[in-house]
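The values are calculated or read from the model by the stated rules, or taken from the named source; none is laboratory data. Just so it is clear, the model here is predicted, and its values are computed rather than measured. Backbone-built Cβ (ideal geometry, glycine too); neighbour counts: all protein chains shown.
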Amino acid sequence: MKAELNEQALLKGLANNDSKAVEALYKSHFNMIQHFVLNNNGSFDDARDIFQEAMITLYEKVQSSSFVLTCQIKTYLFSICKHLWLKRLHQMDKYSSPLSIHEESISVEEDIVVFEKKDAAFAIMDRALNSLGEPCKSLLEGYYINKKGMQELAKDFGYTNADNAKNQKYKCLMRLKKLFFTQYNIGD
Amino acid sequence: MEDIKLLETIEKYLTGDLSAQERELFEVIRKNTPEIDQMVMEHSMFLYHMDNYTRRRQFTKLTEKTFQHLLTAGEWTLDNALPSKAKMIQLWNKYKKVTAIAASVAGFIALTTSAIIMYFSPSLNGNQLLQLSKAIEVIKKNQQAQGHLLNEVKSKVPENAKLISGGSGFLIDPKGFIITNAHVLKGNGAIVINNLGEELNANIIFADKDLDLALLKIEDKDFSAPKSIPFSIRKKITDLGEDIFTLGYPRNDNDIVYGKGYLSAQTGFEGDSSSFQIQISANPGYSGAPLFNDRGELIGIISTRQKLAEGVAFAIKSNKIIDLIAAVKEMDEKSEIKLKISKGNNASTAKRKDQISKYKPYIFSVRSYN
């Protein structure tokens, strides 16, 4: 019972970007994944990447209001990592023998599909932002990501007043939206 | 100026920063102006993705920081990697021998019989998967067999060039863009051959080894571009058990071959979600061949075959073509390539044999040389 409460607390912490929860998850589960990846043709860096992707999948999952985890965190993370790693081995043409697996795992097909979709949208937004150039990139990041006000941004970027900053932001935003949606609508 | 104000209002509306009165007023305007409603929807979508992007970026940073912190604190050691590495080497050595024997057997078969052709590459996914491209010995043999024919119409393969690999491919844009598997193109140059046996020069535009997809463009004065492509690309998932068919060049002559089967699993080898499993009599050479559903929509590209189970093949999902084209367009903004995407309601009632004769001219045999 105590362990279960603890898991719930961890997931709640994860949903709120609590660094203690993230650290606890890394501490208790990364070793298992490291073992798995190293035993199956991968490197320490591979293990780090795969585990990070699994953490992001879990993070995205706990954000949703309908979220329910039907198994232990450990099992969930392992299942995601297993799936992602098999896929990567397959893509690298490295798959050579049945995997050595000692852990229990569950089917995570649906979550992977959701993850991949979000991953694609993330990559498209990232590319769109990075191809904007300056000052557009920093201006929009300042407004949408760092949630700064127009007054503050005007000061940061040396515009004479907030209206000028607004004008500039509008132009940049239109470009970003165009870049994002052209790619997004193709890839859907 | 008006536009700026409008977007600002939409943004405030969506983030809940309008006063109750302003909000009410805006909602009336939105209701009566479809253009504004459309803008609200679009911007709401954009903000949704921007929010996701922000959250994800912050979380990724947090994981990186945490990982680095624990690593420097000595939480993990790399020592436990050693025994397993030793095990891997052992496994590889064992496996290498098997591969070598298998490869020589395959070579023997290819040289002595022309019926079953196997291509074995040691870099493949273990010995379980067999790529469906044709062994080059057979292509060579085939050229000799057709000797006088090939001499009459001079081959477009450069004189000193060696054919390396081959498979099938198909047009996706009337301007001469052809899709095939990346592994079909092992050489630097390529030619394609249509169902009438005419050779055409083609440039390799783009190859994505991860997706196992490649894009060719026919660059040949003899190519007469069709007006349009008869089939469209299906974006949505195809249902299990749905009837499917393919057209490709699996044999060692230039005859197009029809194969039919059904979709047997939504995912590919070991749960790969970018491909699916099909039950079809796939022979080597079908690699890169298009896969159609009953309505004649393009649903995939045949790629690899599991060695042991006869009739089991895998196909890359057609939405990956859309991804590939997006990648190409990103590299070259001037690219004029256009895809015909299925709207999902143009159910073709054409008979299968009519579909086949209509599609045939758009499907090519692909050969790659160095």
Worksheet entry | region B:258-274, subset surrounded by 18 or more Cβ atoms within 10 Å (Cβ to Cβ) and within 21 Å of B:PHE170 (Cβ to Cβ), residue farthest from the other protein chains (Cβ to nearest Cβ) | B:GLY259
Worksheet item: Would region B:223-236 turn up any residue that is outside any loop (DSSP other than H, G, I, E, B) and surrounded by 19 or more Cβ atoms within 10 Å (Cβ to Cβ)?
Response: yes
Response to the item:
Expected single match for in a loop (DSSP other than H, G, I, E, B) and either under 17 Å from the mean Cα position of the chain (by Cα) or at pLDDT 80 or above (or both) among B:THR246, B:THR267, B:THR304 is B:THR267
Worksheet item: On the given criteria, is A:LEU179 within 11 Å of another protein chain (Cβ to nearest Cβ) and hydrophobic (A, V, I, L, M, F, W, C)?
Response: yes
Worksheet item: Taking region B:327-370, which residues are at pLDDT 80 or above and of a type in the set (A, V, I, L, M)?
Response: B:ILE356, B:ILE363, B:VAL366
Item to complete: Mind counting the residues in region B:232-249 that are in contact with a Lys or Arg (Cβ under 8 Å, 6 or more places away or on another chain) and more than 14 Å from every other protein chain (Cβ to nearest Cβ)?
Response: 6
Worksheet item: Is it fair to say A:PHE44 is facing another protein chain (nearest Cβ under 9 Å) and buried (at least 21 other Cβ atoms within 10 Å of the Cβ)?
Response: no
Worksheet item: Checking B:GLU64 against (1) loosely packed, with under 14 Cβ neighbours inside 10 Å; (2) within 12 Å of another protein chain (Cβ to nearest Cβ); (3) under 23 Å from A:PHE180 (Cβ atoms), which test does it fail?
Response: (3)
Item to complete: Can you run down the residue pairs with Cβ atoms below 7 Å, 6 or more apart or on separate chains, where the first is in region A:120-148 and at the interface with chain B (Cβ under 8 Å from one of its Cβ atoms) and free of Cβ contacts under 8 Å to residues at least 40 places away in the same chain and the partner is among the β-branched types (Val, Ile, Thr) and surrounded by fewer than 20 Cβ atoms within 10 Å (Cβ to Cβ)?
Response: A:TYR144/B:THR54; A:ILE145/B:THR54
